[in-house]
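Notes follow once the structure below has been shown.
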Amino acid sequence: MCKKTMIANSGDIQITQCNNCKMINVWKPGLLLSFSFAQFYEFTKVAKQLNFDKFFEYSPDGNRVVILSTPFPDICLKFTRAELHDFVHAIDEAMYMHRVYELVHH
């Protein structure tokens, strides 16, 4: 059974990990993404390179957003500038805490 440990919380984004099944979960309203530890490392590299000012586009409601592809081709995430900031902050915090837990539990 999974025992989820909160490793990041920023805005409306929470990130948890389970050491038993070696998974990291990204919780965003209406969405849950699950990654192996290795997949999460790769996903964070891509997410941190997303430059809002360089890649923004307009959503159907006229707001400026950026689109982030996921490892699942039919699923993309959209972020406003503030949401992207919270997301990058959360994944930075999650990577740091994940490394701390690896040191403590190994």
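Some observations on this one:
- Some residue of segment 18-27 being at pLDDT 90 or above, among the polar types (S, T, N, Q) and assigned to a helix (DSSP H, G or I): no
- Enumeration of residues in segment 39-63 that are open to solvent by less than 30 Å² (accessible area, probe 1.4 Å) and assigned to a helix (DSSP H, G or I): PHE40, PHE43, THR44, ALA47, PHE52
- Single residue of segment 76-106 satisfying the filter (under 23 Å from LYS22 (Cα atoms) and open to solvent by 70 Å² or more (accessible area, probe 1.4 Å)) that is modelled with the lowest pLDDT: HIS106
- Meets criteria (within 20 Å of GLY11 (Cβ to Cβ) and in a loop (DSSP other than H, G, I, E, B)) for LEU68: no
- Residues that are surrounded by 10 or more Cβ atoms within 10 Å (Cβ to Cβ) and under 24 Å from SER34 (Cα atoms) within segment 64-75 comprise VAL65, VAL66, ILE67, LEU68, SER69, THR70, PRO71, ILE75, listed in sequence order.
- The one condition from (1) within 17 Å of ALA8 (Cβ to Cβ); (2) free of Cβ contacts under 8 Å to residues at least 12 places away in the same chain that GLN39 does not meet is (2).
The values are calculated or read from the model by the stated rules, or taken from the named source; none is laboratory data. Computed from a predicted model, the values in this text were never measured in an experiment. In this analysis, Cβ positions are derived from the backbone assuming ideal geometry, glycine residues included, and neighbour counts consider all displayed protein chains. Heads up: the accessible areas ignore ligands, DNA and RNA and are worked out on the full protein's heavy atoms, side chains in. Shrake-Rupley method; radii C 1.70, N 1.55, O 1.52, S 1.80 Å.
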